[in-house]
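Take a look at the structure below.
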Amino acid sequence: MQSVQRAAKESDGAQVLPPIHLLLGAEKVLSLFISKWAVRVVYSLGRSPKRHGEIRRELRPISQKVLTSTLRDLEAAGLVQHEVIGIKAPYVSRYSLTTMGRSFVQPLKVLCEWAQAHEEELDAAYSRTVADRQSAESRRQ
């Protein structure tokens with residue numbers, strides 16, 4: 001972490017980015033969050049541990065299959081833990097963030113704040129891109 005911070009120090013007013021090999025960990029994390037549901041699940045569990053059904057109700061219209069897959073991916077990455085409570089049926093299962101998952105809530109909050117601050121710019125850029133693609137397609141036809 002210190003090497004990333006050292007590499008990102010400002011020099012002559014321009015920010016110097018860390019060497020690319022230091023970004024591999026970030027790529028792993030960001031690949032998890034390609035799915036809009038992963039961000040929402042972490043956000044939900046960041047407020048409190050929940051049972052599967054509670055997460056699903058909060059994140060409607062997520063499907064059972066997508067939620068289960070997302071939870072498994074986050075669990076495999078070490079961000080979410082699944083706890084089965086009880087030794088007799090019916091078992092109660094609860095999901096919560098691990099220590100590492102909880103440490104991701106603050107960077108996620110900063111990312112969400114950045115996205116909100118740039119929402120109009122992002123929407124405009126997306127609209128231009130869609131319009132450009134449609135225009136190019138219509139010229140090809």
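No lab work stands behind these numbers, since they all come straight from the coordinates. This one's a predicted model, so the numbers in the text were calculated from it and none came from an experiment. As a convention, Cβ positions derive from the backbone with ideal geometry for all residues, glycine included, and neighbour counts pool all protein chains shown.
What number of residues within the stretch 63-72 are surrounded by 14 or more Cβ atoms within 10 Å (Cβ to Cβ) and either over 13 Å from LEU32 (Cα atoms) or hydroxyl-bearing (Ser, Thr, Tyr) (or both)? Write out each step before concluding.
So in the stretch 63-72, the residues surrounded by 14 or more Cβ atoms within 10 Å (Cβ to Cβ) come out as 66-67, 69-71.
Restricting the remaining residues to those that are either over 13 Å from LEU32 (Cα atoms) or hydroxyl-bearing (Ser, Thr, Tyr) (or both) gives 66-67, 69-70.
Qualifying residue count for the region: 4.
Taking the condition touching a Leu at 6+ places or on another chain (Cβ under 9 Å), in a helix (DSSP H, G or I) and surrounded by 12 or more Cβ atoms within 10 Å (Cβ to Cβ), does VAL41 pass? Even if it seems obvious, please write down each step before you answer.
Working: touching a Leu at 6+ places or on another chain (Cβ under 9 Å): yes; in a helix (DSSP H, G or I): yes; surrounded by 12 or more Cβ atoms within 10 Å (Cβ to Cβ): yes.
Yes.
For VAL92, only one of the following conditions fails: (1) in contact (Cβ under 8 Å) with a residue 24 or more places away in the chain; (2) in contact with a Lys or Arg (Cβ under 9 Å, 6 or more places away or on another chain); (3) surrounded by 12 or more Cβ atoms within 10 Å (Cβ to Cβ). What is its number?
(3) is the only condition that VAL92 fails.
I'd like the residue in the stretch 95-104 that is crowded, with 16+ Cβ neighbours inside 10 Å and free of Cβ contacts under 8 Å to residues at least 60 places away in the same chain and, out of all such residues, is farthest from the chain's Cα centre (by Cα).
Applying the first criterion (crowded, with 16+ Cβ neighbours inside 10 Å) to the stretch 95-104 yields 95, 97-98, 101, 104.
After this cut, where a residue has to be free of Cβ contacts under 8 Å to residues at least 60 places away in the same chain as well, the list is 95, 97-98, 101.
Values: TYR95: 17, LEU97: 13, THR98: 15, GLY101: 11 Å.
So the residue we want is TYR95.
Just one of GLU75, GLU83, GLU54 is surrounded by 10 or more Cβ atoms within 10 Å (Cβ to Cβ), among the acidic types (Asp, Glu) and either within 13 Å of the chain's Cα centre (by Cα) or not in a helix (DSSP H, G or I) (or both); which is it?
Working: GLU75 fails: either within 13 Å of the chain's Cα centre (by Cα) or not in a helix (DSSP H, G or I) (or both); GLU54 fails: either within 13 Å of the chain's Cα centre (by Cα) or not in a helix (DSSP H, G or I) (or both).
Answer to the selection: GLU83.
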